[in-house]
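The values are calculated or read from the model by the stated rules, or taken from the named source; none is laboratory data. Source: prediction; values computed, not measured. Positions of Cβ are generated from backbone atoms using ideal geometry, with glycine treated the same way; all protein chains shown enter the neighbour counts. Only protein heavy atoms, including side chains, enter the accessible area calculation; ligands, DNA and RNA are left aside. Shrake-Rupley method; radii C 1.70, N 1.55, O 1.52, S 1.80 Å.
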Amino acid sequence: SQQQTQLLREHFISLGKGIIETALCWWGNENSLHRLITITGIEHLDQAAEKGKGVLLLSAHFTTLEIGGRLLASRHPFQVLYRKHKNPVFEYVMHNARQRRFTKAISRNNTRALISSLSNANAVWYAPDQNDAGANSQFIPFFDILASTTTATSRIAKISRALVIPFFQIRLPENKGYLLTICPPLENFPSEDLHQDTARINRLLERVIKEHPEQYLWAHRRFRTRPDHAPPLY
């Protein structure tokens with residue numbers, strides 16, 4: 001449809017901007033970045049720090065991921081959970097850049113380090129929205145399509161006793177910079193139901209993505225793993 005074509009075009013424009021923003025956030029001047037920030041809800045991170053609570057900074061893979069992290073790090077220290085890149089050169093550059101800008105960069109597979117950081121009252125950026133076919137995954141609706149989704153968020157929050165605080169960044173129109181939104185901690189989370197907790201997170205992400213769908217990283221094959229006998233989507 002014409003609407004889908006327009007969204008696709010806007011998404012690839014957003015991807016291109018994201019590449020430029022990545023270079024800017026890794027090597028850009030600190031002073032020039034400060035004027036780009038509009039931030040709401042920073043008090044939720046401050047209050048967690050005052051209480052000595054760890055924070056699972058719940059986010060998602062937007063094209064603004066890198067610049068959003070860099071801008072928030074200039075206001076509040078936090079660590080990042082990331083997936084190691086297959087290209088060793090790119091991995092070296094990316095890891096070094098993140099180590100400079102953030103308190104610590106934790107490999108996605110290093111659950112012990114993540115739990116340790118949260119238990120020691122650190123804030124850690126965490127995005128559970130990518131395709132996950134591991135043992136701790138379930139098929140949960142995401143935009144009405146069953147998506148193989150990690151259920152680890154509940155387990156991590158329960159073991160570490162960390163607050164789960166949603167954080168999202170949006171690229172504003174007309175070169176007005178970026179809006180960083182830090183939400184209040186999720187209430188009654190985790191529950192005793194992993195499936196319901198994970199579905200709750202997916203619904204939260206859906207609401208945010210619908211506001212600016214072109215800025216979400218649709219290039220990621222979110223629905224790569226399919227339920228038994230379901231046809232592939234890619």
FRET efficiency, D46 to Y234 (Cβ-Cβ, R0 35 Å, nearest 0.05):
0.25
Find the relative contact order for the range 137-234 and round it to a whole percent, using C-alpha pairs within less than 8 Å whose residues are 6+ positions apart.
30 percent
Does the range 178-234 come out rounded, prolate or oblate, given a ≥ b ≥ c as the square roots of the eigenvalues of its C-alpha gyration tensor, rounded meaning a/c under 1.5 and, failing that, prolate meaning a/b above b/c?
oblate
Rolling a 1.4 angstrom probe over the protein heavy atoms, how many square angstrom per residue are accessible across the range 3-71?
52 Å²
Whether the range 2-84 is rounded, prolate or oblate, judged on the alpha carbon gyration tensor where a/c under 1.5 counts as rounded
prolate
Alpha-carbon centroid distance for the pair the range 1-52 / the range 159-221, whole angstrom:
14 Å
Antiparallel DSSP beta bridges within the chain, as percent of all bridges there, nearest 5:
40 percent
Please work out whether the chain counts as rounded, prolate or oblate from its C-alpha gyration tensor, where a ≥ b ≥ c are the square roots of the eigenvalues and a/c under 1.5 means rounded, while otherwise a/b larger than b/c means prolate and anything else oblate?
rounded
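Counting only protein heavy atoms and using a 1.4 Å probe, what share of the accessible area of the chain belongs to carbon plus sulfur, as a whole percent?
Its accessible area is 53 percent carbon and sulfur atoms.
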Within 10 Å, count the other beta carbons around each residue, average over each peptide in 152-164, 219-231, and list them highest first.
152-164, 219-231
What residues from the range 115-140 fall in the zone where the backbone N is under 20 Å from a label point 7 Å along the Cα-to-C-beta line of E30?
123
GluC sites (Glu not before Pro) in the range 189-221 lying in a DSSP loop, each with at most 12 other Cβ atoms within 10 Å of its Cβ, come to E192
Would you kindly state how much longer the chain becomes between R112 and L172 on full extension, computed as 0.36 nm times their sequence separation minus their alpha carbon distance, in nm to one decimal?
17.9 nm
